[in-house]
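The values are calculated or read from the model by the stated rules, or taken from the named source; none is laboratory data. Values in this document were obtained by computation on a predicted structure and should not be read as measured data. As a convention, Cβ positions derive from the backbone with ideal geometry for all residues, glycine included, and neighbour counts pool all protein chains shown. For the accessible areas, the whole protein counts, side chains as well, though only heavy atoms, and no ligand, DNA or RNA atoms are used. Shrake-Rupley method; radii C 1.70, N 1.55, O 1.52, S 1.80 Å.
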Amino acid sequence: MKNLASFTGSMTAVALALLLQAGAALAADQVPTPESSFGFAPCAERRLATYEEIERYFRALDAASNRIEVFDIGATAEGRTQILSIISSEENMAQLERWREIAERLARAQDLSDEEARALAREGKAVVWIDFGLHSTERAHAQTAPWLAHLAVSEETPEWHSIRDQVIFLLLPNLNPDGTTMVAEWYREHVGTPYEEAPLPELYQKYVGHDNNRDWFMFNQPESRNVGRLLYHQWYPQIVYNQHQEAPFPARIFLPPFEDPMNPNIPALVMRGINLVGEAMGRRFDQESKSGALSRVNFDTWWNGGMRTAPYFHNMVGILTETGHSSPASMVYDPEKFPSSFGSTGVSTSDPSTFYPNPFEGGEWHFRNSCEYMITGSMAVLDIGAKRREEWLYDIYRMGRDAIERGAGETYVIPAGQWDDGTAARLVDVLRWGGVEVDRAASAFSVGEGEDRREYAAGSYLVRGAQAFRPYVTDLLNPQVYPDRRLYPGGPPELPYDITGWTLPLQMGVEVVRHEVAVDVRTEPVEWAAVPAAETHGGGRWGWALDPRANDAFTVVNRLLAAGIPVSRLAAPLSAARQDWPAGSFLIENDEAAGRELDRHTGALGVERIALRARPAGEIVELRTPRLGVYHAWGGNIDEGWTRWVLEQFEFRYERVHDADVRAGELAERFDVILLPDASLASMHRGLDADLMPAPYAGGMTSRGLFHLLEFVDSGGTLVALDSASELPLTLLDLEIRNVTERRSSDSFFVPGTILRLAVDTSHPLAWGVQPDAAAFFARSPAFEIGRRASRSERQRGIEPEPPEAISVAARWAEEDLLLSGWMLGGSVLEGNAAVVEAEVEEGRVILLGLRSQHRGQPHGTFKLLFNSIYRGAS
């Protein structure tokens, strides 16, 4: 069949049809089954295939059939090869580039008339994406992928013929190959033991674990980039189906429609498409007597950045399902033990209702049943993709066309000459990963007139509103305004499901200016942003200063220290060679080796330097390579993983500090600085339950370890507590610092994931190089009141106790205009209180970062708070 096209030219249509039919039947007989490859059926009781086994099976399918082709799409974080399979009819597979080209032209909606788009929609094939394996501990979907692939290639039913004829099926077997193998091997090691259902003791993605579904606008991780390239640069599917587990108990599957609120930047046709596909799915489940399909509970469509939500803003219909029962072992579900309703929704778990018309009544449930539900969901999506092929194709064009028209009078400008030009370039690249069209000005230009006139230098970036992905541009570059939703009129607020604010320019500390005009300037398209060429200002010979505003200056310094080049910091602002830099400039005295290293690194990273004539006046603080430990608790702490990732991007060296290390003590012999990632005191103290985990992974740092941390600080070490980890030093040390957000009811104070204004003292060593008016990410974080509370007598006399000299504040939450993007309740609790604090304790210090300074690798504008904290302990 592979070479059929070479000898069919003279055949009659009837003969060709008969030959294709016979060849298809023969091909189906020759297609290997998953059982023949694995040695067991997909989703068999208490059996899990590794990613390597799944990949081998897909390649065997490719070798056996003309209906599938497997492509390598890139490496994972641990170096595995990630694959994509494309499945369609033999005829369609022979013209894949044509179908891809049509999908791209319609999605981009440029240089097309409506008539031309209609013709392409009639000709083209629907592109439907279904993925598996994103969250590796949700074990059923990774095992379902080979089963669905076998059906798609081998089945000869009329429905499957229609799907293959009308659809280009992009089946991504695994969004997280590393985690699938980790989970499978862990389960195999412990199946049949008391620890069969013990959780994996590590993150199931090298850095981010479960947060691999929180990286779909930032594209920090390699797996995200592999997939983003397919979605937004190559194939542009009209439907994107993302499989998950678990369903709200006791439902067997959650499927669309979703709960409110809806993000207003999502096109109406996307939401209508989601509802249409979701209803088709629900109908199919009931046609197949599969009970327990639930909609309109918990999951909303507000947040951008998930695998199924980011496509919304690209005019794609994003589908999420959450299937119940992820355990490979069977279970009997007793309806007498079901909760009466789904959480606080009031929706009954036993009585039929509009969005739960066929309740699950309990009984025996097998792993295979969960996979069967995923097959049914996939079939429903593929079927409606085929039946409404032309509509999906034309609708994605229509949304792109409308976006271009609406954005015709709109331009975003990212000016050259930012506080941190390297981070501005990174913001451009983030947009480019998401398929946004960006241009670079070839000459200087101005926008506006009179007092509103703004001058821009050559090299400024332009993001024009007149592009198909305008909803994505609008959502990422503007503040979010989450609606004020109440449980009933005048009642308590309905708390958001997820974070509410994520505006990129705010998080990254990059100025982006929106103009309501189409800017006319000669530009060139940007594939990837180039870091501006670094300048060396002045001509002195004493040595050099590096710009402390640049995040990449820390990369340069880490390289210099690793090469043995001495580096220090200036505690005062620097004015030299017509440059005015804030406090914290890095100083390197002149010698041949230092000059050579600086030439190698500053140019490549775009870090500006000043050649100084003399040693600057003011206090100078010497640096050395920090002996840095990052606390690592068993069980997989996502914040710890993101912290490691950020540190590695800027080349900080670190060691992981396990509970056993903390319990052993003598920490000051090994470390200058110990970072505690976001975690509660209880979780650090107790660790994982010995009844749940094998002995090597059970238990926390214990009281002995807590004592050793205090000993570490007393003997001169620096303990840096990130976000809620501040509970540990505040509880154990006698500090005159109080967390004002502690024990507050969510009815009066709740900030779920919001960007707030931060007033920064840039003279403080923890804030060197940070913008004085900064934006910071706050998510159920602490805030600090400094000093002891006034006694009753002092209050009566109007006396406010003086704050202790040993405690200093580097940043406070703004007293006015606190909310920048998202939603908050009870913001007055935060106003004016401290966010970043340093406390001297005996010979050492404690640093409290009461914010998400490195959250998901996104808030580049506050990275320096973390970096400065590390250097503070090694100065």
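Limited to the stretch 713-730, what total is found for residues that are of a type in the set (Ser, Thr, Tyr), under 29 Å from the mean Cα position of the chain (by Cα) and open to solvent by 30 Å² or more (accessible area, probe 1.4 Å)?
Result for the stretch 713-730: 1.
So, in the stretch 537-572, exactly how many residues are open to solvent by 20 Å² or more (accessible area, probe 1.4 Å), over 36 Å from the mean Cα position of the chain (by Cα) and farther than 18 Å from Ala874 by Cβ?
The qualifying residues number 7.
Conditions tested, residue by residue: (1) touching a strand residue (DSSP E or B) at 6+ places or on another chain (Cβ under 8 Å); (2) of a type in the set (A, V, I, L, M, F, W, C); (3) in a loop (DSSP other than H, G, I, E, B).
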| site | (1), (2), (3) |
| --- | --- |
| Ala583 | yes, yes, yes |
| Ala604 | no, yes, no |
| Arg624 | no, no, yes |
| Val646 | no, yes, no |
| Arg663 | no, no, no |
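Okay, residues lined up against (1) within 30 Å of the chain's Cα centre (by Cα); (2) surrounded by fewer than 17 Cβ atoms within 10 Å (Cβ to Cβ):
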{"residue": "Arg122", "(1), (2)": "no, yes"}
{"residue": "Trp129", "(1), (2)": "yes, no"}
{"residue": "Gly133", "(1), (2)": "yes, no"}
{"residue": "Ala142", "(1), (2)": "yes, no"}
{"residue": "Glu159", "(1), (2)": "no, yes"}
{"residue": "Arg164", "(1), (2)": "no, no"}
{"residue": "His190", "(1), (2)": "no, yes"}
{"residue": "Glu197", "(1), (2)": "yes, yes"}
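One residue is enough: does the stretch 123-133 have a residue meeting the conditions in a helix (DSSP H, G or I) and without any contact (Cβ under 8 Å) to a residue 60 or more places away in the chain?
Yes, the conditions are met somewhere in the stretch 123-133.
Would you please name the residue that is farthest from Leu276 (Cα to Cα), looking only at residues in the stretch 331-390 that are among the polar types (S, T, N, Q) and in a strand (DSSP E or B)?
Here the answer is Ser341.
Could you please tell me which pairs satisfy a Cβ distance under 6 Å, a separation of 6+ or placement on different chains, a first residue in the stretch 145-158 that is within 11 Å of Ala64 (Cβ to Cβ), and a second residue that is assigned to a helix (DSSP H, G or I)?
Here the result reads His150/Pro34; Val153/Leu61; Ser154/Ala28, each pair linking the stretch 145-158 to a residue that is assigned to a helix (DSSP H, G or I).
Within the stretch 338-376, track down each residue that is of a type in the set (Gly, Ala, Ser) and farther than 19 Å from Asp286 by Cβ.
Ser340, Ser341, Gly343, Ser344, Gly346
Tell me whether the stretch 825-845 contains one or more residues that are in contact (Cβ under 8 Å) with a residue 40 or more places away in the chain, more than 16 Å from Leu735 (Cα to Cα), in a strand (DSSP E or B) and among the small types (Gly, Ala, Ser).
no
Has the stretch 275-297 got at least one residue that is under 19 Å from the mean Cα position of the chain (by Cα) and among the acidic types (Asp, Glu)?
no
How many of the residues making up the stretch 284-294 are open to solvent by 10 Å² or more (accessible area, probe 1.4 Å), within 11 Å of Thr376 (Cβ to Cβ) and either assigned to a loop (DSSP other than H, G, I, E, B) or touching a residue at least 40 places away in the same chain (Cβ under 8 Å) (or both)?
Looking only at that region, the number is 6.
Residue under question is Gly629, and the condition is that it be small (Gly, Ala, Ser) and either in contact (Cβ under 8 Å) with a residue 60 or more places away in the chain or more than 18 Å from Val713 (Cβ to Cβ) (or both); does it hold?
No, not satisfied.
Among (1) within 23 Å of Val127 (Cβ to Cβ); (2) open to solvent by 20 Å² or more (accessible area, probe 1.4 Å), there is one condition Met307 misses while meeting the rest; what is its number?
Just one mismatch for Met307, condition (2).
Within the stretch 670-712, count every residue that is touching a Ser or Thr at 6+ places or on another chain (Cβ under 8 Å), loosely packed, with under 15 Cβ neighbours inside 10 Å and among the acidic types (Asp, Glu).
The number of residues fulfilling the criteria is 0.
Got a number for residues in the stretch 621-639 being among the acidic types (Asp, Glu) and either surrounded by fewer than 18 Cβ atoms within 10 Å (Cβ to Cβ) or touching a Cys at 6+ places or on another chain (Cβ under 9 Å) (or both)?
Total satisfying the criteria: 1.
Let me spell it out: the conditions are (1) under 28 Å from the mean Cα position of the chain (by Cα); (2) open to solvent by 10 Å² or more (accessible area, probe 1.4 Å); (3) among the β-branched types (Val, Ile, Thr), and Ile83 meets all of them except one. Which number is the exception?
Unmet condition: (2).
Could you check the stretch 409-521 for helices (runs of 4 or more DSSP H) lying wholly inside it with 3 or more residues that are under 30 Å from Ser746 (Cα atoms) and open to solvent by less than 10 Å² (accessible area, probe 1.4 Å)?
Result: 504-508.
Which of the residues that make up the stretch 816-842 are within 23 Å of Trp768 (Cβ to Cβ), among the charged types (D, E, K, R) and surrounded by fewer than 20 Cβ atoms within 10 Å (Cβ to Cβ)?
Residue satisfying the conditions is Glu840 alone.
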